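First up is the structure itself, then whatever we jot down about it.
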Amino acid sequence: MKKSKKLTVPSTGAETRGAWMMMLAFVRGYPGRAAAALSMVFVAGLLDGLGLSMLLSMLTLATGDHKGDPSLPEKVALQVADFLGLQPSAPNLLMLAIILISLKAAMSLLANRQVGYTVAYIATDLRLTLIRAVLGARWSHYLQQSVGRLSNAMASEAQRGADSFQNATEMMAMVLNSMIYLAIAMSISMQAGLAAIAAGSILLLLLSRLIRVSRRAGQHQTVLLKSLVSVISGQFSAAKPLKAMAREQHVDALLSDQTRKLKKALRQQVISREALMALQEPLLAIMVGVGFFFSLVVLKMPMPSVLVMLFLLARVVAYLSKAQRAFQQVTVRESAYWSMVEAIDAAHAQREPRGGERTASLEREIRFDDVSFSHGGVATTLDHQTFAIRALALNVVVGPSGAGKTTLIDLVVGLLQPESGRILVDDVPLSEMDLQAWRRQIGYVPQESTMVNESVAYNVSLGETVSEERIREALKAADALDFVDAMPEGLQTRVGEGGSRLSGGQRQRLAIARALIHRPRLLILDEATSNLDADAQTAVIETICHLKGSLTMIAVAHQPRLIAAADHLFRLSEGRIVAVEASAVAAVHG
């Protein structure tokens, strides 16, 4: 699979960020694609202009109106016909005009296809850049992120930001075409061309206020969407207790308020867009009528030239109007792009340090040496504690809820760093180790294991390219191979959404197989049996016991059965951790 590149974003202050800076970012990020699209648009405009020159010459010949010297477009058309060896007759010029305008349509199609591909690339790159930035950030930064807002950024903001490239390209295409037509018009009549410039400027100035209204509506929409998706995500995750307590009306009122505000922003956006289109058409008609009178009566231009001139000037003003509408859409969507950029920049600013260059293979122990850690000075997890987690043994950590057992695991993994003291792996300080190399030695089984509605093989390998032999080896080590082979399609059997076709014990054993797929030296079980019934607990604990002696295990647990299976037992409470006898802790929890 082709690796998507990181989108280059100009470093600017929030006050200078706008539609033009966003378009500059697109050009810097995709110079080749942007240049190709604009070149195709420019060539299409030239072909269209040359086709119109052919039409002007054809009209002149057909009407027999040869007053004065031929205009520059007529001269160009006659030279092209002569170059092609064609008689400069009205039928031949009409044929050339049709061919050139058809070529223009084909070139426009190629340009639009190039723009469409680039939009897809931008949306993909924005999403991948955000994912990599968030996953590469410090764990503390990740914990502060709203899943709903990240989901909104991935699904909505990335696409809206990418779509603005299409609007920006359309705007630049319209501006280029209008300049080509204006140049042709001015070669026919300088006075009429200057009048068209003045008329177009007045039109753009009169309607510029609607652009500002659209920009504010787009910014408001982006803010409200982020807030709404975050609220929905949080409230729906608590649907069961809300229904149990008859609190649905609270959610309805909260979401209704959010959606009303969003509706208002969308209404402003729609009104400004439709107003722009509604006002442009009558203003354009007025300008065309005035231009017809000015060219025919005041300038005394020949009728063929007047017709072509009016057509050209109408196209100039129409293209400028389309450019203005496209720019309006750019301003509506730019806030989504900058919201993505801000999320990416925030994650990059919290990039997790790689650590050092040293490695260790965990053959003896993980030692906490005078380690202290607290959550913002509020809750102390460890207070100058020294202890060792033995290799090739089942080390079980117990303690009251909120004592910091999961925090202890996060310190071992390197997601959190001690405030003082050191954590050593075989006498190598964790702070001096390559964190990625260390984590590649770890298998992790959480309390709730996420399963997707894909095959068993996919859920174990997480979509990585792993041999079937390796998958079966991991399943066997997790005591899951027998029930997987008994399924209708074996490894290719779909597990259902969230693993709904599996029992709780089967899901957890697949989660253990997932953790074992890369043959880790350390297996972490973070309350992996807490939500299982007695039979499922027994099955999973038997699997854990079968793994004893083959790798190091750290298990956070409350269940007496797992506690009784421990080789080494630690009790964490009030910032202190002490080694205890398994029987004593089992008696407390019994």
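The values are calculated or read from the model by the stated rules, or taken from the named source; none is laboratory data. Computed from a predicted structure; not experimentally measured. With ideal geometry, Cβ positions are generated from the backbone for all residues, glycine too; neighbour counts draw on all protein chains shown.
At-a-glance table
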| quantity | calculated |
| --- | --- |
| Of all residues in region 315-328 being crowded, with 24+ Cβ neighbours inside 10 Å and of a type outside the set (A, V, I, L, M), the one that is farthest from Leu176 (Cα to Cα) | Gln328 |
| Condition check for Leu415: within 25 Å of Ala360 (Cβ to Cβ) and modelled with pLDDT under 95 | yes |
| Residue check for Ser401: farther than 19 Å from Ile554 by Cα and surrounded by fewer than 21 Cβ atoms within 10 Å (Cβ to Cβ) | no |
| Search result, residues across region 450-504 that are among the aliphatic types (A, V, I, L, M) and more than 22 Å from Thr529 (Cα to Cα) | Ala457, Val466, Ile471, Ala486, Met487, Leu491 |
| Selection within region 133-153 - without any contact (Cβ under 8 Å) to a residue 12 or more places away in the chain and out of contact with any Leu (no Cβ under 8 Å at 6 or more places or on another chain) | Leu135, Leu143, Gln144, Gln145 |
| Candidates Gly443, Gly421, filtered to the one that is modelled with pLDDT of 90 or more, part of a strand (DSSP E or B) and either over 28 Å from Thr529 (Cα atoms) or not assigned by TED's automatic domain parsing to the domain that holds Thr543 (or both) | Gly421 |
| Filter pass, Met340 being assigned to a helix (DSSP H, G or I) and either at pLDDT 85 or above or acidic (Asp, Glu) (or both) | yes |
| Which listed residue is within 27 Å of Met553 (Cα to Cα) and loosely packed, with under 14 Cβ neighbours inside 10 Å, from Glu489, Glu497, Glu473, Glu464 | Glu464 |
| Single match in Leu435, Leu430, Leu424, Leu462 (criterion: over 35 Å from the mean Cα position of the chain (by Cα), of a type in the set (A, V, I, L, M, F, W, C) and farther than 19 Å from Ser550 by Cα) | Leu424 |
| Scope region 536-590; condition surrounded by fewer than 16 Cβ atoms within 10 Å (Cβ to Cβ), modelled with pLDDT of 85 or more and of a type in the set (S, T, N, Q); matching residues | Thr538, Ser550, Ser573 |
| Verdict on Ala486 being of a type in the set (Gly, Ala, Ser) and touching a Leu at 6+ places or on another chain (Cβ under 7 Å) | no |
| Search result, residues across region 104-132 that are farther than 18 Å from Leu24 by Cα and in contact with an Asp or Glu (Cβ under 8 Å, 6 or more places away or on another chain) | Lys104 |
| Unmet requirement for Gln436, which otherwise passes all of (1) surrounded by fewer than 19 Cβ atoms within 10 Å (Cβ to Cβ); (2) assigned to a loop (DSSP other than H, G, I, E, B) | (2) |
| Region 494-550, residues that are of a type in the set (Asp, Glu) and on the phi > 0 side of the Ramachandran plot | Glu527 |
| Test: residue in region 108-117 that is without any contact (Cβ under 8 Å) to a residue 24 or more places away in the chain and either in contact with a Cys (Cβ under 8 Å, 6 or more places away or on another chain) or of a type in the set (S, T, N, Q) (or both) | yes |
| Region 137-192, subset polar (S, T, N, Q) and either within 30 Å of Pro353 (Cα to Cα) or not assigned by TED's automatic domain parsing to the domain that holds Ile344 (or both), residue surrounded by the fewest Cβ atoms within 10 Å (Cβ to Cβ) | Gln144 |
| Answer from Val397, Val371 - the residue that is touching a residue at least 60 places away in the same chain (Cβ under 8 Å), in a strand (DSSP E or B) and assigned by TED's automatic domain parsing to the domain that holds Ala555 | Val397 |
| Where a residue in region 518-537 is within 24 Å of Gly404 (Cβ to Cβ) and in contact (Cβ under 8 Å) with a residue 60 or more places away in the chain and its partner, wherever it lies, is in a strand (DSSP E or B) and among the hydroxyl-bearing types (Ser, Thr, Tyr), with Cβ under 6 Å and at least six apart | Leu522/Thr552; Ile524/Tyr444 |
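One line per residue, one yes/no per condition, for (1) over 19 Å from the mean Cα position of the chain (by Cα); (2) under 19 Å from Ala25 (Cα atoms):
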residue	(1), (2)
Trp338	no, yes
Ala349	no, no
Glu352	yes, no
Arg358	yes, no
Glu363	yes, no
Phe368	yes, no
Ser372	yes, no
His375	yes, no
